[in-house]
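These notes concern the structure reproduced below.
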Amino acid sequence: MSPLTKRARLEDKSAVVTPEPLPRSTSQQTYDAQPPYAQPPYSQPPYAHPPYAHPAYAQLAYTRPQYAYPLYAHQAVHVPRSDPSSGLVDSQQTSHGQQTSKDNNAPDPIQQLDYGQLISQLGDKTLRDIITSLAASSPLVQDAIKSRHDQLVQARRTRVLNFDCYSKSAWHTLNTSSYTKLSGTQQWDASFEATSELEECVRAIGEMTFDESSYGTKLSALETLRKIAKTVLLADDTLGHEVRNQMDSTIADEMLRIVESMSREEQLRAGANADSKGSLAEKMQWVYDAAKANCVLEPEILYEVLELLYEESEGEDDDDDENDE
């Protein structure tokens, strides 16, 4: 070997080889990688099998979110986020690769519903059907319904309503409203609307007068209905004539229902209730006579009302007089 060749070989051995650093992960830029030539023994846990025994893989396993890429492997290997030695499983992956719920204690969305808002969107009939269905099998619902109904009945028995405003409204419709200022033909056209307004007054009185209502409420209802009937019978011009012919038995029916809901004592008391113009029974007698003369307002029903308001002795005397004739 020549001296030049020997010198060249010595220079090659003294050369310092600098190993290339371990490539960094794209999703984690702050781990400390160790050179590949500083591998620990494969027997040290938890890295007991090559090629994953290098400490760099352990660093990747604890720092990367889901996957570590070994230096000597061609495919990505899934690494759990928890410590492999603890036996814990990734919270987002099961052993079969299926995603599990992140929070098993999440509140049930049904329990967070605003039932008040849902009920407000339901109709009255639907709510009645639901309550009726629940009451058939729930003693708690039955007791609640019974208790609320008793409170409502007690309130009706102690409350006195005054319906005089409806009689004034009916009188205004047939005497001082804009309908009365129209010509005959126009009054005939307007009579249908005027009749509808009067019937609404009668229905309103009937809807607020219940069988368990107080005596004062029933007496006010009878007086108001009588005044409305008298207004209809005394109305003149084309408007009054057409309204009388269009009125059905609504007034008489409501009168009879209210009187029949009274006790016998209350009926006689109501019939004897009087002011400067006479008793209710005497005023009702005039309404019956006028209705019978004009064949309007169902005089047969009005007669039944009149019989209940008079004392029995007076009614028997009237029957005897009719038999004598």
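The values are calculated or read from the model by the stated rules, or taken from the named source; none is laboratory data. Quantities reported herein were computed from a predicted structural model and do not represent experimental measurements. When we count neighbours, we look across all protein chains shown, and the Cβ atoms used for this are built from the backbone with ideal geometry, even at glycine. Each accessible area value is taken on the protein alone, full model and side chains, heavy atoms only, with ligands, DNA and RNA left out. Shrake-Rupley method; radii C 1.70, N 1.55, O 1.52, S 1.80 Å.
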Given (1) more than 14 Å from Thr209 (Cα to Cα); (2) open to solvent by 10 Å² or more (accessible area, probe 1.4 Å); (3) not charged (D, E, K, R), number of the condition Ile228 does not satisfy: (2)
Tally of residues being assigned to a helix (DSSP H, G or I) and open to solvent by less than 20 Å² (accessible area, probe 1.4 Å) across the stretch 234-256: 6
Within the stretch 189-221, tally of residues that are part of a helix (DSSP H, G or I) and hydroxyl-bearing (Ser, Thr, Tyr): 6
Unmet requirement for Leu113, which otherwise passes all of (1) open to solvent by 80 Å² or more (accessible area, probe 1.4 Å); (2) at pLDDT 90 or above: (2)
Flag for Val141 being over 29 Å from Ala274 (Cα atoms), open to solvent by less than 50 Å² (accessible area, probe 1.4 Å) and either out of contact with any Gly (no Cβ under 9 Å at 6 or more places or on another chain) or not in a loop (DSSP other than H, G, I, E, B) (or both): yes
Meets criteria (more than 21 Å from Glu282 (Cα to Cα) and part of a helix (DSSP H, G or I)) for Thr224: no
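Within the stretch 257-280, restricting attention to residues that are of a type outside the set (Asp, Glu) and over 17 Å from Thr217 (Cα atoms), which residue is surrounded by the most Cβ atoms within 10 Å (Cβ to Cβ)?
Ser279
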Lone unmet requirement of (1) among the aliphatic types (A, V, I, L, M); (2) without any contact (Cβ under 8 Å) to a residue 60 or more places away in the chain; (3) crowded, with 20+ Cβ neighbours inside 10 Å for Met208: (3)
Evaluation of Pro299 against (1) open to solvent by less than 40 Å² (accessible area, probe 1.4 Å); (2) closer than 26 Å to Thr180 by Cβ (one fails), failing number: (2)
Close pairs from the stretch 297-311: first farther than 18 Å from Met247 by Cβ, partner open to solvent by 50 Å² or more (accessible area, probe 1.4 Å), Cβ under 7 Å, at least 6 apart: Leu306/Gln285; Glu311/Leu268
Count - residues of the stretch 172-192 that are surrounded by 13 or more Cβ atoms within 10 Å (Cβ to Cβ) and closer than 15 Å to Glu242 by Cα: 12
Answer residue from the stretch 155-171, given it is assigned to a helix (DSSP H, G or I) and open to solvent by less than 90 Å² (accessible area, probe 1.4 Å) and is nearest to Leu234 (Cα to Cα) among those: Ala170
